[in-house]
Amino acid sequence: MKRRIILGTALTGLMALSTGIAGAETPPLEQKDRYKVGFAQMESNNPWRIAETKSFHDTAKTCNWDLIATDAAGSAAKQVADVDSMIAQGIDVLFLPPREEKPLIPAVMKAKAAGIPTFLVDRSVDPNVAKPGEHFVAFLGSDFIDQGERAADWLIANFEGDKGVIVELEGTTGSSPANDRKKGFDDQIATDDRFEIVASQTGDFARDMGRQVMETLLQAHPEVNVVYAHNDEMAIGAIQALELAGRKPGEDVTIVSIDGTRDALQAIIDGKMGVTVESSPFFGPLACEVMQKYAAGEEIPGWVQVKDRVFTVDNAADHIDEAY
Ligand code: GYE
């Protein structure tokens with residue numbers, strides 16, 4: 001019995017050596033004509049997520065992927081289970097947008113243990129626990145702190161009143177964009193003493209929850225004249241709540257947000273929203289390019305950073321046709 005355990009351990013050790021799974025390196029990716037690719041989407045309740053999933057399906061055709069795409073319907077636990085099932089189906093490579101920073105770490109670790117290289121797309125995991133170049137190859141995505149700072153910069157430069165009373169609608173609790181968009185904005189706005197954030201609450205990156213939270217916060221803070229939403233869906237929800245309460249978004253309430261959805265660009269054109277800092281959902285082509293470089297043995301930086309634009313009344317009409 002003892003002997004068998006020792007043998008088993010030796011065998012696992014050998015396998016680990018040959019595939020690199022036990023070491024500090026990420027698993028290699030063989031160069032082949034077709035790849036079995038997993039894309040474990042977190043939810044499909046907003047245009048951003050739908051555009052991202054479509055981008056992966058479109059890219060599958062041009063990048064020779066046999067794509068397995070799942071939808072965790074807003075549950076981190078289901079997202080982990082979806083990755084388990086992709087591992088069981090023998091995917092070559094995993095693209096994972098982790099819904100929250102900590103709960104998805106087991107999925108990253110399990111993929112590595114199974115010898116599957118993982119690329120995080122659009123959101124990241126807790127960098128103190130899972131690291132690029134070791135547990136996953138790279139994070140493909142935006143600088144969320146910078147996005148928050150740029151939203152604050154626009155407000156500082158364009159707010160005309162004496163006192164800005166801000167309600168902040170946060171994204172999904174425990175997600176990297178919610179953490180970082182809050183930090184970037186809050187730190188930057190603290191440099192201008194005209195502004196005060198009177199309430200900051202999660203709307204889970206969802207339109208309807210943004211509307212409901214705004215309704216409640218408006219009752220508690222009727223003096224609010226600025227809304228900073230961590231994404232456009234919540235900003236649109238907030239606009240609905242404000243209008244229902246007889247307020248005039250764009251006139252007596254300044255709305256600043258992040259993403260660049262079609263509805264947000266339309267709201268800017270209509271004069272209801274001031275700015276949206278871009279956060280693009282079109283990750284498919286970048287995923288294809290980075291994966292091919294990795295398979296060719298090229299060095300991949302731990303963070304493949306996406307550059308974002310800013311949409312205001314000056315350029316919203318020029319970009320609405322390419323929006324989603
Ligand atoms: O801003 C939001 C989506 O993770 C960058 O998630 C993404 C964010 C995006 O639900 O609309």
**Study point:** Shape category assigned to the stretch 144-279 from the gyration tensor of Cα positions, a/c cut at 1.5
**Key:** rounded
Check your understanding: Of the beta bridges DSSP finds with both residues in the chain, what % are antiparallel, to the nearest 5?
Key -> 5
Point to revise | Along principal axes, Cα extents of the chain, largest first, whole Å | key: 76, 42, 31
Review point. At a 1.4 Å probe, what is the % contribution of carbon and sulfur to the accessible area of the chain?
Key: 54
Revision key, fill the gap. Links exceeding 18 Å between C-alpha atoms in this model, out of Lys32/Lys293; Lys32/Lys61; Lys163/Lys183; Lys131/Lys293; Lys102/Lys131, come to Lys163/Lys183; Lys131/Lys293
Exercise for review: Grab the other residues whose beta carbon is less than 15 angstrom from that of Pro28, score K and R as +1, D and E as -1, and report the net.
Suggested key: -3
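May I ask you to list, by number, the DSSP H helices of the chain whose Cα span along the axis is at least 15 Å and whose average Kyte-Doolittle hydropathy reaches 0.0 or more?
Helices meeting the span and hydropathy rule in the chain are 2-19, 76-88, 232-244, 284-295.
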Practice item. Just check the stretch 240-324 against the gyration tensor rule for me: Cα atoms, a ≥ b ≥ c as the square roots of the eigenvalues, rounded for a/c under 1.5, and otherwise prolate or oblate depending on whether a/b exceeds b/c. Key: prolate
Practice item. Counting helices only, and only those DSSP H runs with n ≥ 4, report the 222 nm mean residue ellipticity of the chain as the sum of -39,500 (n - 2.57) divided by its residues, in deg cm²/dmol to the nearest 500. Key: -13000 deg cm²/dmol
Practice item. With label points built 7 Å along Cα→Cβ from the Cα atoms of Lys54 and Glu298, find their separation and express it in nm. Key: 2.8
**Study point:** Protein-only accessible surface order, largest first, of Tyr324, Tyr35 at 1.4 Å
**Key:** Tyr324, Tyr35
Point to revise | Given the chain, longest segment not containing exposed loop GluC sites (Glu not before Pro) (DSSP; at most 14 other Cβ within 10 Å) | key: 31-133
**Study point:** Computed log₁₀ I(q)/I(0) - Debye formula, equal Cα scatterers, no solvent, the stretch 154-195, q 0.15, 0.23 Å⁻¹
**Key:** -0.41, -0.81
Study note, to complete from the structure: Mean accessible area per residue over the chain (1.4 angstrom probe, all protein chains present, square angstrom) is 44
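If you take the alpha carbon radius of gyration of the stretch 34-140 and divide it by 2.2 N^0.38 Å, what ratio comes out, to two decimals?
Expressed relative to 2.2 N^0.38 Å, the Cα Rg reads 0.97.
The values are calculated or read from the model by the stated rules, or taken from the named source; none is laboratory data. Values in this document were obtained by computation on a predicted structure and should not be read as measured data. Reconstructed Cβ throughout: ideal geometry from the backbone, glycine too, with neighbour counts over all protein chains shown. When the accessible area is computed, the model is the full protein with side chains, heavy atoms only, and any ligands, DNA or RNA have been set aside. Shrake-Rupley method; radii C 1.70, N 1.55, O 1.52, S 1.80 Å.
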